[in-house]
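Contents: one structure, followed by commentary.
The values are calculated or read from the model by the stated rules, or taken from the named source; none is laboratory data. Bear in mind the structure is a predicted one, so any value in this text is a computation, not a measurement. Here the Cβ positions follow ideal geometry from the backbone for every residue, glycine too, while neighbour counts run over all protein chains shown. When the accessible area is computed, the model is the full protein with side chains, heavy atoms only, and any ligands, DNA or RNA have been set aside. Shrake-Rupley method; radii C 1.70, N 1.55, O 1.52, S 1.80 Å.
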Amino acid sequence: MLFQSGNLRVRKLSSKDAGYLVKWLSDPTVLQYYGGRDRPHSLEMVREIFFKEEDDEIRCIVEYDSNEIGYIQFYELDEEGKERFGYTEVEEKIYGTDQFIGEPNYWNNGIGKLLVSSMAEYLITALGASKIVMDPQTWNARAIACYEKCGFRKVKLLPNYEWTEGEQRDSWLMEFSK
C-alpha cells in the first residue's frame, strides 16, 4: 500500500487487477472522461498499456471501503515532459498524475477530491515534489472543479492537445505548488 486516507487506500497495480481495468475501460460512461468511448479496452489492450515493465509511471489501484473503485498513476516529469508543459528552466521535482474513478456509483461523493488531495500530499511529503501537474480536457468541468478544490490552478491552455473520439481537443495544464 502506498498510502491510506480515511476509507481511501492507494496500492500498486498488480496483474490480478487487469479485470477491473477492462471492466472500467469498456464502460462508455467512464470512457467519456478517460480514453474516449471509441476506445473500449480489451484484456490484451489493458495488458499492453498498463503492464509495461519499462515504464516510469507508477500505476495504482484506488480502493474505497475495501472495494476497488478506480485507478491513478503518477510519474516524475522527464525533460521532454517539462519541455511540453513549458518548464524548461525549472530544476524542481515536478510530478504528473492521471486518474479516474471507474465505478460511477462512487462519483459525486467527494472521493475524487480525497484521492487527488491525498495523492498531492503523498507526492510532496514522500517523494519531494515541488509541483504537481495534470492536463484535463477543457470540457471536463467536474474534474476541473475537483482539482481546483484541491488547490490546483489552471496555468496554461494546451490547444489541440489530445486526440479523443475522432477529434483534437484542448486541455488545461493545471498545477499544484507546495
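When the helices in the chain are scored as -39500 (n - 2.57) per DSSP H run of 4 or longer and the sum is shared across all residues, what 222 nm value do you end up with, to the nearest 500 deg cm²/dmol? Write down the numbers at each step before the final one.
Details: 6 runs with 52 residues, N = 178.
Dividing the helical sum by the residues of the chain leaves -8000 deg cm²/dmol.
Which order do the peptides 125-131, 97-103 come out in when sorted by mean C-beta neighbours inside 10 angstrom, highest first? Working shown, then result.
Details: 125-131: 14.9, 97-103: 20.4.
Top of the packing list down: 97-103, 125-131.
Just to be sure I understand the model, the point goes 7 Å from the Cα along the line to the Cβ. What's the resulting Lys52 to Lys154 distance in nm? Taking the simple label geometry, Lys52 and Lys154 are separated by 3.0 nm.
May I have the convex hull volume per residue, in Å³, for the Cα set of the range 117-164? Mind showing how you got there, number by number?
Numbers: hull volume 4.5 nm³, N = 48.
That works out to 93 Å³ per residue.
Computed log10 I(q)/I(0) for the chain at 0.10, 0.17, 0.19 Å⁻¹: -0.37, -1.20, -1.53, from the Debye equation with unit scatterers placed on every C-alpha and solvent omitted.
With bins 5 Å wide beginning at 0, the percent of Cα pairs of the range 1-58 falling in each bin runs 4, 17, 22, 21, 21, 12, 3, 0. In straight-distance terms, cross-link reach from Lys178 covers every one of the lysines whose alpha-carbon lies under 16 Å from its own, apart from those fewer than eight places away in the same chain; here that gives Lys93, Lys131, Lys149, Lys154.
With the convex hull built on the Cα atoms of the range 3-106, state its orientation-averaged projected area in nm².
Values: hull surface 31.0 nm².
Across all orientations, the range 3-106 yields a mean hull projection of 7.8 nm².
Extending 7 Å from Cα along the Cβ direction at Ala126 and again at Lys12 yields two label points whose distance is 1.1 nm. On full extension, the segment bounded by Lys178 and Gln4 gains 60.6 nm, given 0.36 nm per residue less the C-alpha separation.
Rg(Cα) of the range 86-132 divided by 2.2 N^0.38 Å? Kindly include the intermediate steps, with their values, before the conclusion.
Values: Rg = 13.5 Å, N = 47, 2.2 N^0.38 = 9.5 Å.
Normalised by 2.2 N^0.38 Å, the Cα Rg of the range 86-132 equals 1.42.
Placing +1 on the Cβ of every Lys and Arg and -1 on the Cβ of every Asp and Glu, with no other charges, gives the chain a dipole of roughly 700 debye about its Cα centre. Computed over every Cα-Cα pair of the range 61-150 and binned at 10 Å starting from 0, the pair-distance distribution P(r) comes out as 15, 45, 32, 8, 0 percent.
For the range 2-76, the per residue solvent-accessible surface stands at 53 Å², with DNA, RNA and ligands left out and a 1.4 Å probe.
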